[in-house]
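*Asks:* Submitted below is the structure of interest, expressed as structure tokens.
The values are calculated or read from the model by the stated rules, or taken from the named source; none is laboratory data. None of the values given here were measured: they were computed from a predicted structure. FYI the Cβ positions are ideal-geometry reconstructions off the backbone, even for glycines, and counts take in every protein chain you see. When the accessible area is computed, the model is the full protein with side chains, heavy atoms only, and any ligands, DNA or RNA have been set aside. Shrake-Rupley method; radii C 1.70, N 1.55, O 1.52, S 1.80 Å.
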Amino acid sequence: MTTEGRTVVPAREGRAVRVAAGQRLSVVDLEGGQVGDVFAFVPAPEGARAAPEHLSAAHTRGATNRLFPEVGQQFVTDRRRPVLTLVADTSPGWHDMLIPACDPARYAALGAAAHASCADNLKRALAETGLSVPFTPQPVNVFMRIPVQDDGRLRWLPSASRPGDAITFQAVTDCVVVVSACPQDLVEINGGGPTSLAIDLQS
């Protein structure tokens, strides 16, 4: 598991990285048009039995009074403590905090059993760090374009990110970040189909 440098997240897969407080992490869309599910966890103290504290999209919306993130804002955990700060964004700025991670039940409902999912990617990536959670937190869906219409309905549009676009976070505290290159290919959020992302870590 990388602690500095680049980690490629292959299409339809997930990867975990350890991020130290003050370190910056960029999620890079290598080919354009790819959504990434971003999760962050603050591990419990050694020997503790509690589940890791996690980035919470719902608590972040409550803290920022925004449906969608903007540069300068902090993301908070389920304990309402800051974990990441959004410090830069070279993409068109579409990032979602409303939609849950895709999971096997979602694909079963769409008629695609045994489909890769962000929920399963999270479990596998976390297992490599020695962590586990009994549920799938709602992620921050970077590069995902889900506008809210005047009547309250959501639209599922193809990602508008371009090759090389990046969103950059700075860790407020030591944490483990998981990025899943979303495997969704049954609705149009990933345009022509899932492609790879990269995670760039720098001090």
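*Asks:* For region 52-100, what are the per-bin percents of Cα-Cα distances with bins 10 Å wide, up to the bin holding the maximum?
*Replies:* Per 10 Å bin, starting at 0, the Cα pair percentages come out as 28, 56, 15, 0.
*Asks:* A follow-up question, please. Can you sort Arg18, Arg61 by 1.4 Å-probe accessible area, starting with the largest? Before the final figure, lay out the partial values.
*Replies:* On the way: Arg18 95, Arg61 65 Å².
The residues order as Arg18, Arg61, largest area first.
*Asks:* When the accessible area of the chain is split by element with a 1.4 Å probe, what percent falls to carbon and sulfur? Before the final figure, lay out the partial values.
*Replies:* Values: 4380 of 9130 Å².
Its accessible area is 48 percent carbon and sulfur atoms.
*Asks:* Can you tell which of Gly22, Ala63, Gly33 lies farthest toward the positive end of the dipole of the chain, using +1 and -1 charges on the Cβ of basic and acidic side chains (Lys, Arg; Asp, Glu)?
*Replies:* The Cα lying farthest towards the positive end belongs to Ala63.
*Asks:* Under 5 Å between amide H atoms, partner at least 5 residues away or on a different chain: which partners does Gly32 have, H built in plane at 1.01 Å?
*Replies:* Answer set, sorted by chain and number: Gly164.
*Asks:* Under a 5 Å amide H to amide H cut-off, with H placed in plane at 1.01 Å, what residues pair with His54 once short-range neighbours are removed?
*Replies:* The answer is Val42, Asp78, Arg79.
*Asks:* Starting from the residue with the highest accessible area, list Asp151, Asp29 in decreasing order, probe 1.4 Å.
*Replies:* Asp151, Asp29
*Asks:* Next up: Accessible area per residue, 1.4 Å probe, Å², for the chain: what's the number?
*Replies:* Details: 9130 Å² over 203 residues.
Accessible area per residue, the chain: 45 Å².
*Asks:* ³J(HN,Hα) across region 81-90 via Karplus (A = 6.51, B = -1.76, C = 1.60, θ = phi - 60°), whole Hz, x for Gly/Pro?
*Replies:* My calculation for region 81-90 gives 10, x, 10, 9, 10, 7, 10, 7, 7, 9 Hz in order.
*Asks:* Turning to a different aspect of this structure: Given charges of +1 on the Cβ of Lys and Arg and -1 on the Cβ of Asp and Glu, with all other atoms neutral, how large is the dipole of region 85-183 about its Cα centre, in debye to the nearest 20?
*Replies:* Details: 7 positive and 9 negative charges, 46 e Å.
Here region 85-183 has a charge dipole of around 220 debye.
*Asks:* Compare Asp89, Asp174 by solvent-accessible area with a 1.4 Å probe and give them largest first, with all protein chains kept in place.
*Replies:* Details: Asp89 45, Asp174 90 Å².
Per-residue accessible area, sorted high to low, gives Asp174, Asp89.
*Asks:* Calculated FRET efficiency, Thr85 and Arg153, Cβ-Cβ r, R0 35 Å, to nearest 0.05?
*Replies:* On the way: r = 31 Å, r/R0 = 0.90.
My answer for the efficiency is 0.65.
*Asks:* So if each residue of separation counts as 0.36 nm, and I subtract the Cα-Cα distance between Phe135 and Lys123, what length gain in nm does that give?
*Replies:* Working: separation 12, 0.36 × 12 = 4.32 nm, distance 0.93 nm.
Result: 3.4 nm gained on full extension.
*Asks:* Quote the Stokes-Einstein diffusion coefficient, in whole µm² s⁻¹, for the chain, based on the Kirkwood radius over alpha carbon pairs, a temperature of 10 °C and a viscosity of 1.306 mPa s.
*Replies:* Numbers: Rh = 16.7 Å.
Estimated diffusion coefficient is 95 µm²/s.
*Asks:* Residues of region 153-187 with backbone nitrogen within less than 20 Å of a virtual label 7 Å along the Cα-to-Cβ line of Val8, please, listed as ranges.
*Replies:* Counting only backbone N, you get 162-167, 178-184.
*Asks:* A further question on this structure: Using protein chains only and a probe of 1.4 angstrom, how many square angstrom of Cys182 are accessible, to the nearest 10?
*Replies:* 10 Å²
*Asks:* Quote the Stokes-Einstein diffusion coefficient, in whole µm² s⁻¹, for region 114-203, based on the Kirkwood radius over alpha carbon pairs, a temperature of 37 °C and a viscosity of 0.692 mPa s.
*Replies:* Details: Rh = 15.3 Å.
Diffusion coefficient, whole number: 215 µm²/s.
*Asks:* Using per-residue counts of other Cβ atoms within 10 Å, averaged over each peptide, order 122-128, 193-199 from highest down.
*Replies:* Numbers: 122-128: 17.3, 193-199: 20.1.
For the peptides 122-128, 193-199, the packing ranking is 193-199, 122-128.
*Asks:* Could you identify which residue out of Gly36, Gly22, Gly72 has the top mean-square fluctuation in a GNM of the chain using Cα springs shorter than 10 Å?
*Replies:* Gly72
*Asks:* Okay, moving on. Taking the Cα centre of the chain as origin, work out the dipole magnitude from +1 charges on Lys and Arg Cβ and -1 charges on Asp and Glu Cβ, in debye rounded to 20.
*Replies:* Dipole magnitude for the chain comes out near 340 debye.
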